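Step one of this worksheet: look at the structure below.
The values are calculated or read from the model by the stated rules, or taken from the named source; none is laboratory data. Just so it is clear, the model here is predicted, and its values are computed rather than measured. Positions of Cβ are backbone-derived with ideal geometry, glycine not excepted, and every protein chain shown enters the neighbour counts. Side chains are part of the model used for accessible areas, which takes the heavy atoms of the whole protein and leaves out ligands, DNA and RNA. Shrake-Rupley method; radii C 1.70, N 1.55, O 1.52, S 1.80 Å.
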Amino acid sequence: MIAHLKGREKALEVFGWAGKQAEWIALVCLHSGVFTRAQWARFADSHPEQVRRGVLSLIERRVASEETEPGLAGIGRVCRIFGRPVYRALGAEHIRHRRGASTEVLMRRLLSLDYVIEHADLPWLPTEQEKVAAFEALGLDRKILPVRVYRGAAGDTRRHFPVKLPVAVDSARALFVYADPGHDTATALRSWGTAHHRLWRALAKLDLSVEVVAVARTSRELDRARRVIGGWAEPAGPGEPEAGVREELARIERAIVQGAVHVLEEFGGLQAALKRSIELEAQARRQGAGRASIHRGAAWRTARLNGVRFR
């Protein structure tokens, strides 16, 4: 049994799903809404033919669709579970995972799921409500939680943990997962860290070990994440760069990735640009609040999504 599902997979028996199949469908709906056949085969330790039949069954029931995503090459088709009755049975009828999304968001969801299925025994908090409730149970004010305000005709809606990345919490530690879909720079990672800064500090004061894992596909993304997250664990703290520093870092990173020689020459060539980026990273760390915000940072490389090229 997968403890963090809290028996919700049993609610899927009404659809004829039980055991490992029900667990898989519950995991997907609660954590990503999308999956690849390779991911299902890994989780269930099943033959590809069994997985093929499983996917076709979901499609025939009109609760899922499967198609090749133009922006995601190398992993085959992506299956999306969209059936509202399935999500309703799991108590997550209004979760946004059942909706279509951009290539970037789909990639982020697939990476998140990949990490979760490899660490399914951790005490994950799949929904926004569970995340908020867990931190409030620790005595923390929801004002320090990451939030985004959505403007609408009916009024403003506040969504906590808006990027919807995996979080696991128990009595000893809090684990936060960042999934890099293939960005050219570390700007999104830094912004995500800034949004969590106050929460991490508060958890550390409660003597919980605060840990961050970056999930990615390429060595370039993993190395970049290690540098940034490593800075968050150093005494200087995460340090959100000032606007000018942030823009210069992003410009150098894009130039290196895209091979923009004319931009690199402005810094004196590739080696000089790399040296400058290291100096800027150090400057960003010095802008921190004087102590580390997390206790441990790590990077994890997916084994099933390496063929993807998100652009």
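Laid out as a table, the results:
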read-out	value
Matching residues, the stretch 142-161, being under 19 Å from residue 194 (Cα atoms) and open to solvent by 100 Å² or more (accessible area, probe 1.4 Å)	142, 143, 148, 158
Residue count for the stretch 24-45, restricted to those that are within 17 Å of residue 93 (Cα to Cα) and in a helix (DSSP H, G or I)	7
Boolean, residue 283 is open to solvent by 50 Å² or more (accessible area, probe 1.4 Å), in a helix (DSSP H, G or I) and at pLDDT 80 or above	no
Looking only at the stretch 216-254, and only at residues there that are small (Gly, Ala, Ser) and modelled with pLDDT of 80 or more, the one that is nearest to the chain's Cα centre (by Cα)	216
Residues located in the stretch 86-96, provided they are farther than 14 Å from residue 129 by Cβ and open to solvent by less than 50 Å² (accessible area, probe 1.4 Å)	86, 89
Of residues in the stretch 203-226 being open to solvent by less than 20 Å² (accessible area, probe 1.4 Å) and assigned to a helix (DSSP H, G or I), the one nearest to residue 183 (Cα to Cα)	221
First in the stretch 108-124 and in contact (Cβ under 8 Å) with a residue 12 or more places away in the chain and part of a helix (DSSP H, G or I), second anywhere and polar (S, T, N, Q) and crowded, with 24+ Cβ neighbours inside 10 Å, Cβ under 7 Å, 6 or more apart	109/32; 110/32; 112/32; 113/32; 113/39; 114/39; 117/39
Answer residue from the stretch 65-85, given it is in contact with an Asp or Glu (Cβ under 7 Å, 6 or more places away or on another chain) and open to solvent by less than 20 Å² (accessible area, probe 1.4 Å) and is nearest to residue 14 (Cα to Cα) among those	79
Among (1) more than 23 Å from residue 118 (Cα to Cα); (2) under 25 Å from the mean Cα position of the chain (by Cα); (3) in contact (Cβ under 8 Å) with a residue 40 or more places away in the chain - the single one residue 35 does not satisfy	(1)
Any hit, the stretch 26-38, residues being open to solvent by 20 Å² or more (accessible area, probe 1.4 Å) and within 26 Å of residue 105 (Cβ to Cβ)	yes
Selected residue (criterion: nearest to residue 172 (Cα to Cα)) from residues of the stretch 104-127 that are open to solvent by 40 Å² or more (accessible area, probe 1.4 Å) and within 15 Å of the chain's Cα centre (by Cα)	119
Filter result for residue 139 (touching a Phe, Trp or Tyr at 6+ places or on another chain (Cβ under 8 Å) and part of a loop (DSSP other than H, G, I, E, B))	no
Total residues in the stretch 1-20, condition of a type outside the set (A, V, I, L, M, F, W, C), in contact (Cβ under 8 Å) with a residue 60 or more places away in the chain and out of contact with any Asp or Glu (no Cβ under 9 Å at 6 or more places or on another chain)	1
Cβ pairs under 7 Å, 6+ apart, first in the stretch 46-71 and under 13 Å from residue 21 (Cβ atoms), second open to solvent by less than 40 Å² (accessible area, probe 1.4 Å) and charged (D, E, K, R)	55/66
Output for the stretch 51-64, where each listed residue is loosely packed, with under 15 Cβ neighbours inside 10 Å and of a type outside the set (D, E, K, R)	56, 57, 59
